Amino acid sequence: MDWLRTSTAMGAIRSYGNNYGVATNTLPTIPPSLVVGNFDRVGGADLAFGCLQGVTVLRNIGVDPQFVRGDNNGDQSIDLTDGIGLLDYLFGSSGGTPVCADAADFDDNGTLDLGDAVLLLGWLFIPGSLAPPAPFPSCGLSTDTSDLDLGCITPGC
């Protein structure tokens, strides 16, 4: 057994983890109500239902990230550094993975490629260039399944 969930007299749910055969109280107490949090310490949101009988259901729920398309590095502005960072990533130079790969997908086709960098730089420097698809120009959610596959962690959005 990896995890054990028990109930206190007041209905709070206690969780114990298995650490090589030794039970450790590594997860927080869950009150008898609906709670959203990171209870399994793996990242992502968990949804917990507690009740006085001590029954709880925990499951990982996906939370769609908010981002601004074109703000690849998550600095809350779309500028030359976003285009250069994407080129660095694509050509394997010193740049790392974009903080928000969803935002780097400037044409919203589900892949990161040279076309994204060209379109982003064109939008920055060529008057009349088409703006990227939503979410743009401010933080928002995307309903495209291609966006949800790339991943995004944008600070401050």
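Quick note: the coordinates plus some simple rules give every number you see, no bench work behind them. No experiment lies behind these values; they were computed from the predicted model shown. Every residue, glycine among them, receives a Cβ derived from its backbone with ideal geometry; neighbour counts consider all protein chains shown.
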**Message:** Where the second residue is among the small types (Gly, Ala, Ser) and in a loop (DSSP other than H, G, I, E, B) and the first is on the phi > 0 side of the Ramachandran plot and lies in segment 66-89, which pairs have Cβ atoms under 8 Å and are six or more apart or on separate chains?
**Reply:** 74/156; 76/156
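Please specify each residue of segment 90-118 satisfying the condition of being outside any loop (DSSP other than H, G, I, E, B) and either in contact with a Gly (Cβ under 6 Å, 6 or more places away or on another chain) or buried (at least 20 other Cβ atoms within 10 Å of the Cβ) (or both).
Residues of segment 90-118 that are outside any loop (DSSP other than H, G, I, E, B), as a first pass: 90, 100-104, 114-118.
Of everything in segment 90-118, those that are outside any loop (DSSP other than H, G, I, E, B) and either in contact with a Gly (Cβ under 6 Å, 6 or more places away or on another chain) or buried (at least 20 other Cβ atoms within 10 Å of the Cβ) (or both) turn out to be 100, 101, 102, 103, 104, 116, 117.
Could you please find all residues in segment 65-83 being in a helix (DSSP H, G or I) and buried (at least 17 other Cβ atoms within 10 Å of the Cβ)? Even if it seems obvious, please write down each step before you answer.
Within segment 65-83, the first condition is being in a helix (DSSP H, G or I), and the residues that meet it are 80-83.
Listed by number, the residues that qualify are 82, 83.
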